[in-house]
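The values are calculated or read from the model by the stated rules, or taken from the named source; none is laboratory data. Predicted model only: the values in this text are computed from it and were never measured. Cβ sites come from the backbone with ideal geometry, for glycine too, and all protein chains shown count toward neighbours.
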Amino acid sequence: MQSHGRTWSEWRQFFESRRKRPLPVPDGASASKDLPRSFAESLAIFQLGESGGGTIIEQARASQLPGIDADYAEAMALFVREENRHADILALCVRELGGELTEQNWTARLFVFSRRLIGLRLKVLVLLAAEVVGICYYHILASRLPEIAMKDWLTELVADEQSHLDFHCRFLNSQTDRRWKCWVFVFVWRITMFLAAVAVLIDHRGAIRDLQISKKAIWQRWTTYSRRAERLVAGTRSSVLAVG
Ligand SMILES: [Fe+2]
Ligand SMILES: [Fe+2]
């Protein structure tokens, strides 16, 4: 079965099966210390964004929305736990790079503010934008690294974020059962994704420059995954997709 088609019970079991994965062991590769300082600073910002997330679990548990159940809420709790594991892995990366963790950052604050401001559906939409950003950014960062353990860690994060994308799309698909809801989703989604992408390009410009990442390549990758998410949520129910 494709991951997008899983029932909530199957999603809960899926996250449960990954719950006990140990944290990776640092290899102290000396090559890590040669990487630009801006790389550690960039990962420290993502580390902040991957932390927290407890309120959405309570909201999922209390939600009366159609199409979800207790298994969804428990899958959400396990998903948040997985994101917190990402924060731990990114903290390891930052230390390996000789950098420092950060407690304050404007894009991380904006992300947290967006998650707190709004109901479960919009919160999940914001999380979905973060998954698309993470999938593309971690992948490109990993591709710039020499053969050190950190490359595998970031590649594992990309695989996790891809399953998170399917998890959130499955939820949003269950909430867009009418054509007009699909239109609203596509409209809000494209604006959110655009703003998230611009914010990352500005906030992480140092690492993007120092690691010689092409802005065009990263934008194209974001667009590809953004449209993929759109198709998983709205399918053919929105005629907007035909011209998008
Ligand atoms: Fe993550
Ligand atoms: Fe994620």
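Please indicate, with yes or no, whether at least one residue in region 160-172 is free of Cβ contacts under 8 Å to residues at least 40 places away in the same chain and out of contact with any helix residue (DSSP H, G or I) (no Cβ under 7 Å at 6 or more places or on another chain).
no
For region 73-93, which residues satisfy the criterion of being surrounded by fewer than 21 Cβ atoms within 10 Å (Cβ to Cβ) and away from ligand 2 (no atom under 13 Å from the Cβ)?
Ala73, Glu74, Ala77, Asp88, Ala91, Leu92
With Leu122, Leu90, Leu101, Leu128 as the choices, which residue is of a type in the set (A, V, I, L, M) and not in a helix (DSSP H, G or I)?
Exactly one residue qualifies, and that residue is Leu101.
Identify, from the list Leu232, Leu157, Leu172, the residue that is part of a helix (DSSP H, G or I) and in contact with a Phe, Trp or Tyr (Cβ under 6 Å, 6 or more places away or on another chain).
None of the others qualify; the one that does is Leu157.
Which of the residues spanning region 38-75 are within 16 Å of ligand 1 (Cβ to nearest atom) and either in a helix (DSSP H, G or I) or more than 20 Å from Ala87 (Cβ to Cβ) (or both)?
Residues of region 38-75 within 16 Å of ligand 1 (Cβ to nearest atom): 42-54, 56-57, 75.
Selection gives Ser42, Leu43, Ala44, Ile45, Phe46, Gln47, Leu48, Gly49, Gly54, Ile56, Ile57, Ala75.
Which residue out of Thr192, Thr155 is surrounded by 14 or more Cβ atoms within 10 Å (Cβ to Cβ) and in contact (Cβ under 8 Å) with a residue 60 or more places away in the chain?
Checking each option against the conditions leaves just Thr192.
So which of Val124, Val133 is within 17 Å of Leu48 (Cα to Cα) and within 11 Å of the chain's Cα centre (by Cα)?
The conditions single out Val133.
Can you name every residue in region 117-153 that is under 14 Å from Ile89 (Cβ atoms) and charged (D, E, K, R)?
Across region 117-153, the qualifying residues are Lys151, Asp152.
For region 70-95, how many residues meet the condition of being aliphatic (A, V, I, L, M) and within 16 Å of Leu43 (Cβ to Cβ)?
Count: 6.
I'm trying to understand the selection: among the residues of region 108-145, which are touching an Asp or Glu at 6+ places or on another chain (Cβ under 9 Å) and surrounded by fewer than 18 Cβ atoms within 10 Å (Cβ to Cβ)?
Matches in region 108-145: Ala142 only.
Residue check: is Leu145 touching a residue at least 24 places away in the same chain (Cβ under 8 Å) and over 23 Å from Phe79 (Cα atoms)? So that I can check it myself, show each step before the final result.
Numbers: touching a residue at least 24 places away in the same chain (Cβ under 8 Å): yes; over 23 Å from Phe79 (Cα atoms): yes.
The answer is yes for Leu145.
Scanning region 30-62 for residues that are surrounded by fewer than 17 Cβ atoms within 10 Å (Cβ to Cβ) and hydrophobic (A, V, I, L, M, F, W, C), which turns out farthest from the chain's Cα centre (by Cα)?
Among residues in region 30-62 that are surrounded by fewer than 17 Cβ atoms within 10 Å (Cβ to Cβ) and hydrophobic (A, V, I, L, M, F, W, C), the one farthest from the chain's Cα centre (by Cα) is Ala31.
Take region 177-217 and flag every residue that is under 20 Å from the mean Cα position of the chain (by Cα) and not in a helix (DSSP H, G or I).
Answer for region 177-217, where residues must be under 20 Å from the mean Cα position of the chain (by Cα) and not in a helix (DSSP H, G or I): His204, Ile213.
Do the conditions hold for Ser239, that is, is it at pLDDT below 95, under 18 Å from Ser42 (Cα atoms) and surrounded by fewer than 17 Cβ atoms within 10 Å (Cβ to Cβ)?
Criteria not met by Ser239.
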